[in-house]
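The structure appears right after this line, and notes come after that.
The values are calculated or read from the model by the stated rules, or taken from the named source; none is laboratory data. Everything quoted here is computed from the prediction, not taken from an experiment. FYI the Cβ positions are ideal-geometry reconstructions off the backbone, even for glycines, and counts take in every protein chain you see.
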Amino acid sequence: MTAPTLFDPERPAAVMVVGPPARYRVAGLDVSLTGTGVATLGGTTLIPSTGRRKDTIVQRRTRLKGIADQVLTAVGVVDLAVIEGPSHHSVGGSVWDRGGLWWLIVDGLCARDIPVAVMPPMSRAKYATGNGGSRKAAVMEAAQRRYGAVLDNDNEADALVLRAAGLDWLGVPLAEVPDGHRAALAGCQWPEREAVTAR
């Protein structure tokens, strides 16, 4: 009787095969007080919200915290979050509340140890269309065409483009884009690459 072995001597030793690139989980976030777009591996979603100019501080805080909590739930656990940066020339809406919401979401991501990248609006438009001055409708049309996505609104389109840019930066693009479009990645604030690992 022979002693049992942990392997079959008749079978050749396993050879390590290099597989496809790592499958990163990347989220794209287009933050808005009225409808935040979120794009993840599972698809795109819109988190709507309404408020009034005469809302009290408590009401405004409750609204912002509610939006942030829903966004973080929609994001889940990811390897990288790409969020659209503030539009410095924007004069509409409540600048204070919009900035506060942006920081609540970024703070929540950082608290989960999720690396965060910031993509300026013009870089997002350039990555999608090749033109940093493109309007949201053009970005949405480009996103639908390039990624074959069915998108209900421009917030989700922007979020999808942000997610695609993050995957491209990681070397696993969602789709091939022209070099002129990819040049937009240089205008973004990226985390240390070593901090982003496929989990």
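Brief remarks follow.
- Residue count for segment 30-44 satisfying the condition of being surrounded by 24 or more Cβ atoms within 10 Å (Cβ to Cβ), of a type in the set (Val, Ile, Thr) and either over 17 Å from Val95 (Cβ atoms) or in contact with a strand residue (DSSP E or B) (Cβ under 6 Å, 6 or more places away or on another chain) (or both): 3.
- When Leu174 is tested against (1) aliphatic (A, V, I, L, M); (2) at pLDDT 95 or above; (3) buried (at least 17 other Cβ atoms within 10 Å of the Cβ), exactly one condition is not met: (2).
- Gly148 surrounded by fewer than 17 Cβ atoms within 10 Å (Cβ to Cβ) and within 16 Å of Ser32 (Cβ to Cβ): no
- Residue tally, condition modelled with pLDDT of 95 or more and more than 21 Å from Gln189 (Cα to Cα), over segment 78-117: 0
- For the condition surrounded by fewer than 18 Cβ atoms within 10 Å (Cβ to Cβ), touching a Leu at 6+ places or on another chain (Cβ under 6 Å) and either basic (Lys, Arg) or more than 23 Å from Arg23 (Cβ to Cβ) (or both), Gln189 does not qualify.
- Enumeration of residues in segment 172-190 that are under 13 Å from Arg25 (Cα atoms) and in contact (Cβ under 8 Å) with a residue 12 or more places away in the chain: Val172, Leu174
- Restricting Val82, Val78, Val71 to those that are in contact (Cβ under 8 Å) with a residue 12 or more places away in the chain, assigned to a loop (DSSP other than H, G, I, E, B) and hydrophobic (A, V, I, L, M, F, W, C) reduces the list to Val78.
- Single residue of Gly108, Gly100, Gly66 found to be touching a Leu at 6+ places or on another chain (Cβ under 8 Å), surrounded by fewer than 23 Cβ atoms within 10 Å (Cβ to Cβ), free of Cβ contacts under 8 Å to residues at least 40 places away in the same chain and not charged (D, E, K, R): Gly100
- Whichever residue in segment 151-163 is of a type outside the set (Asp, Glu) and surrounded by 24 or more Cβ atoms within 10 Å (Cβ to Cβ) and, among such residues, is nearest to Pro48 (Cα to Cα): Asn155
- Scanning segment 100-112 for any residue that is in contact with a Pro (Cβ under 8 Å, 6 or more places away or on another chain) and closer than 15 Å to Ile83 by Cα turns up at least one such residue.
- Elements of type helices (runs of 4 or more DSSP H) in segment 135-190, at least 1 residues being at positive phi: none
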